[in-house]
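A quick write-up on the structure given underneath.
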Amino acid sequence: MAEVKPVPEKAYQHKKMQPLDIVLLVILTFFAIAIILPFINVTAISFSTQQEYLKSTVLLIPTEITLENFKALFEDGRIWIGYRSTLLLLVLGLPLNMFLTTSMAYGLSRPDFPLKRFFIYFVVITLLFHGGIVPMYLLMKQLNLINTIWSVVLAYGVNSFYLIIMMNYFLSLPISLMESAKLDGAGEWRILYSIILPLSMPIIATIILFYAVDRWNEWFNAMIFIRKGSLVVLQLALRSIVIDSQISQQMNISNVQTDVKFSEGMKMAAIIVTMIPIMCVFPFLQKHFVKGMLIGAIKA
């Protein structure tokens, strides 16, 4: 029986940090602090009182924690209308975005797709040029979609950047899988939904997260196409609530009143209310997010 030689102790030693590693660590630490501190400041202001905020505008840990800013924000009925409209926009718009992006990315990733190069150039051109909001508004008006949620849903179908990332991911998959499925009699739709999509969960999760954030933060198209107060989206509802509180504070600034709303605290509370749902979803998609971005962005 062969004698097993002991592994040298140096093999277990970690590589020493080089000067470049220290420089990179310092730079990354600086960027991490630059990202975390504003978030902590926003959170602290949302839980602080106006008196404490006036003492120091840069707060990290409030000494007098209060929920009055969130209470004043949720007492307004417009925020619930905003949540309902934004959730409806997310439920209707996200499946449409994913269906269009996935099907088009799969078609452009196929080597035998007719006029493939033309359509790829067409997609890239849309990254640089846009038709403008006036033709879009006239189109929605002609379709009788103004003041409906469908005008906002259909105004944003495919993001060209997300499409290119997904197409590159599909190109990284072995083409032999698709050829074998074709030999067994599978059509293109069967190949897409039975073979390609199960192998593409990292990029699917990544693009879902991107589109979900876009739909959740939707405000521009809603501001252009919707005038009904019953369909106002969350971002516009929060904006109107904060503006009203600022106007109310300015009108009562000379009066000694205890019920004047802290507009800056409500503004920060509105930011937290907007961020929390997306922050709760991200951890469930994080394990797929990095892998999907790397393969989709690097593979040419």
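The values are calculated or read from the model by the stated rules, or taken from the named source; none is laboratory data. Worth saying up front: this structure is predicted, and the values here are computed from it rather than measured. A quick note on method: Cβ atoms are made from the backbone with ideal geometry, for glycine too, and the neighbour counts reach across all protein chains shown. To get the accessible areas, we keep the full protein, side chains included, count just its heavy atoms, and leave off ligands, DNA and RNA. Shrake-Rupley method; radii C 1.70, N 1.55, O 1.52, S 1.80 Å.
For this structure, a couple of remarks:
- Mean separation of Cα contacts under 8 Å (6+ apart) over length of the chain, as relative contact order %: 30 percent
- Angle in degrees between helix 234-251 and the longest Cα principal axis of the chain, rounded to the nearest 10: 20 degrees
- Each peptide in 233-242, 131-140, 41-50 gets a packing score, the mean of other Cβ atoms within 10 Å over its residues, and the list from highest to lowest is 233-242, 41-50, 131-140.
- Cut-off of 10 Å, at most 13 other beta carbons, DSSP loop: longest stretch of the chain lacking such GluC sites (Glu not before Pro): 65-300
- Helix-only CD estimate at 222 nm, as mean residue ellipticity for the chain, using -39500 (n - 2.57) per DSSP H run (n ≥ 4): -22000 deg cm²/dmol
- Whole-Å distance, taken between Cα centres, linking the stretch 30-86 and the stretch 125-140: 37 Å
- Distance between the 7 Å Cα→Cβ label points at PHE30 and ILE65: 3.4 nm.
- Protein accessible area in the stretch 121-189, 1.4 Å probe - carbon and sulfur %: 68 percent
- Extension gain for LEU92-PHE282 works out to 66.4 nm (0.36 nm per residue, less the C-alpha to C-alpha distance).
- Here the spin labels are modelled as points 7 Å beyond Cα on the Cα-Cβ line, and at THR126 and PHE74 they lie 4.0 nm apart.
- Using the 1.4 Å probe convention, the accessible area of the stretch 67-299 works out to 56 Å² per residue with neighbouring protein chains retained.
- Dipole of the stretch 67-299 computed with +1 at Lys/Arg Cβ and -1 at Asp/Glu Cβ about the Cα centre; of GLY187, SER245, MET268, farthest Cα towards the positive end is GLY187.
- Helix 263-298 vs. the chain, principal-axis angle (Cα, 0 to 90°, nearest 10): 0 degrees
- The stretch between ASP21 and ILE243, if pulled fully straight at 0.36 nm per residue, gains 75.2 nm over its current Cα-Cα span.
- Solvent exposure of the stretch 20-65, expressed per residue, is 74 Å² of accessible area, with all protein chains present and a 1.4 angstrom probe.
- Distance (nanometres) between label positions extended 7 Å along Cα→Cβ at LEU54 and LEU199: 6.6 nm
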